[in-house]
Amino acid sequence: MTSEFPHTPPRKSYTFSDAVNADIRRAAATGIYDIRGGGTKRFLPHFDDLLFLGASISRYPLEGYREKCATDVWLGTRHAKKPIHLDIPVTIAGMSFGALSGPAKEALGRGASAAGTSTTTGDGGMTEEERGHSKTLVYQYLPSRYGMNPDDLRRADAIEVVVGQGAKPGGGGMLLGQKISDRVAMMRNLPKGIDQRSACRHPDWTGPDDLEIKILELREITDWEKPIYVKIGGARPYYDTALAVKAGADVVVLDGMQGGTAATQDVFIEHVGQPILACIPQAVKALQDLGMHRKVQLIVSGGIRSGADVAKAMALGADAVAIGTAALIALGDNDPALEAEYQKLGTTAGAYDDWHEGKDPAGITTQDPELYSRFDPVLGGRRLTNYLKVMTLEAQTIARACGKNHLHNLEPEDLCALTIEAAAMAGVPIAGTSWIPGRNGSF
Amino acid sequence: MKSNVLEQTATQTFDLSARGLRELNSSLHALSGATNMTAWEVVNPKGAHAIAAGVDAPVDISVMGSTGYYCAGMNKQATIRVKGSAGPGVAENMMSGTVIVDGDASQYAGATGRGGLLVIKGNASSRCGISMKGVEIVVHGNIGHMSAFMAQSGSLVVCGDAGDALGDSLYEAKLFVRGSVKSLGADCIEKEMRPEHLEHLADLLRRGECDPTIKPEEFRRYGSARKLYNFNIDNASAY
Ligand SMILES: Cc1cc2nc3c(=O)[nH]c(=O)nc-3n(C[C@H](O)[C@H](O)[C@H](O)COP(=O)(O)O)c2cc1C
């Protein structure tokens, strides 16, 4: 008779999980860190951890479909002679030509313009596809200054000085050789096929006092017409927002750690920065402390997916939001219809993030003409417009339920949190209590 | 006379401290190739920032004194002379035309410049020609550390000495130094001076208004070893 004692079942380590071990093996085999696109994949406190209270006896709702709930937003009213007026507060975030194909840029322009909102250039300069199809185009002023020139500054509708990105606050850009096609190389003035790493700091200014002079120069070059945005990653949002305001920004763009990227080290994406939920209240506090809330507008991004996220961001005090990843998904990125092709690339729809390799079967994150010609920019634009309109309708539905006739009238008082973490970060009470961790009140 | 009505002939004299920066730059931006107001003198610059930034016309502008940050920023076509020294970022991202600084230039002179000629008759501080993308820069004196960092294309000529980490992580820019180089940055090496380089250098020395006794043969050429163009873990210590 064999032993009646059962064997200890095999048990894998939580610390050294299969995924961790695979990472170690990959590093050992390749000698290079993992580079990928997209945003954080780990679990983070997010808008899902907030709920709206809705109307009650003390607050009455607006009639859905009948009573107006406005959604428009003005950006750049502080100093610009020509501030921007958008119909909806959901903008398209800066995504580089190089990372994205020309047709994808065109689709973003078409989709955003039809929905009454703006698009943004990105590292690598302005393309005709995007300028031509975007009613309102924000031109990024990045450390690399690829393609930067005064003519494009003047034909932009706003200028965005990029200090940081949520996926990699403190990091520069990266575009690997596979995507440096002739056109991309020419626009960036680089040899074809090299692994291009763009700088993380601007070449001709450092610190807030210099930034103020840089903004002055950009205003002078464009005769004070264009709104000037300053984009920061979610590192120290209170101080960064205050310093951007001090430097003369018309608009602060705040990108939390969930924010997507075209290509960055995985270790950077997953371990640097703060979730957008934690960032918004700090930025709003900085604006309020300076008496500038709503005078300098705040655009927030990083993992925004739905009208509920838009409404929550706005209730916390943002004037508008920006989307990157969600816009790409609306265009057709990671679509299960392409599963067979994702399988061939060793991945699966929903997990494909090797955008830097330029093999995107959806034709969006590639410079390969065979792949990007599969992508229909008219259809893509239509899909994006639909999606933007749905997000807006969703946000309006919530705002009306909270009794608000403009999305901007949503406020923290309309919210509660499901977790202690989210309550502490967002500065709203835990559901069923008046307790905001770190502030007054109790269970 | 309304202050913004400018004389239609002869040199336009613009008193910057009396009339302000916005009026100066908007007047200059209003000029086009067809203008007959082709000579400008900016008096009382008093170290102001962004003087003559964003000009796009074939005009001649003399700034009668020293300037603050970003003088002649993004210049196109114009010839801009600073009759004094220039603060940080002079002629940053210039596209074309000529910018001549009679005195010294502070940090980041000619940063990201894409075309045209920048001449500095004195010395230039650190990061001269950083991230340059086609501009030609001629410095009569010395340049500071980290000059031509990530320089992509164009030429930097230094008649004096260069500081530490010259040409760090540079791409295809050409660097010519007559004096000593304190140290070379990552991936920057000395390269052979071939006849075409000597010819190009002679032209730059002439256009850069250098002392005619200075000969191209007295320079050494530096450029990219191109070892960092494609990532290799065994080069990681170079970063
Ligand atoms: C493909 C791609 C390319 C990007 N390129 C840039 C860029 O060139 N400049 C920049 O400031 N941000 C860039 N970003 C970041 C976006 O502007 C934005 O901050 C981010 O996507 C927002 O988060 P979300 O993707 O969760 O919506 C990029 C993002 C993606 C997904």
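Just so you know, all these numbers are worked out from the coordinates, no wet-lab data involved. Being a predicted model, the structure only gives us computed values, none of them experimental. With ideal geometry, Cβ positions are generated from the backbone for all residues, glycine too; neighbour counts draw on all protein chains shown.
Numbers below:
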quantity: Test item: A:200-208 mean partner chain Cβ contacts at 10 Å; calculated: 5
quantity: Neighbourhood charge, 14 Å Cβ-Cβ cut-off, centred on A:GLN165 and excluding it, Lys, Arg +1 and Asp, Glu -1; calculated: -1
quantity: Packing-based exposure ordering (other Cβ within 10 Å, fewest first) of A:SER434, B:SER169; calculated: A:SER434, B:SER169
quantity: For B:86-95, mean number of other protein chain Cβ atoms within 10 Å; calculated: 4
quantity: Reachable aspartates and glutamates from B:LYS182, criterion Cα separation under 14 angstrom, eight or more residues apart if same chain; calculated: B:ASP161, B:ASP164, B:ASP168, B:GLU190
quantity: Net charge contributed by nearby residues that have their C-beta within less than 14 Å of A:TYR387 (K/R +1, D/E -1); calculated: +1
quantity: Qualifying trypsin sites (Lys or Arg not before Pro) in the stretch B:1-96, DSSP loop, other Cβ atoms within 10 Å at most 10; calculated: B:LYS2
quantity: Placed amide H near B:VAL138: partners under 5 Å, 5+ positions off or other chain; calculated: B:LEU118, B:VAL119, B:ILE120, B:VAL157
quantity: In degrees, nearest ten, helix B:195-207 long axis to first principal axis of chain B (Cα); calculated: 30
quantity: Charge context of A:PHE47, other residues only, Cβ under 9 angstrom, K/R +1, D/E -1; calculated: -1
quantity: For residues of A:216-228, the mean tally of beta carbons on other chains within 10 Å; calculated: 6
quantity: Filter on A:LYS135/A:LYS344; A:LYS226/B:LYS76; A:LYS246/B:LYS174; A:LYS285/A:LYS404 - keep pairs with C-alpha separation over 32 Å; calculated: A:LYS135/A:LYS344; A:LYS246/B:LYS174
quantity: Computed over the stretch A:35-426: relative contact order in percent, which uses C-alpha pairs under 8 Å that are six or more apart; calculated: 27
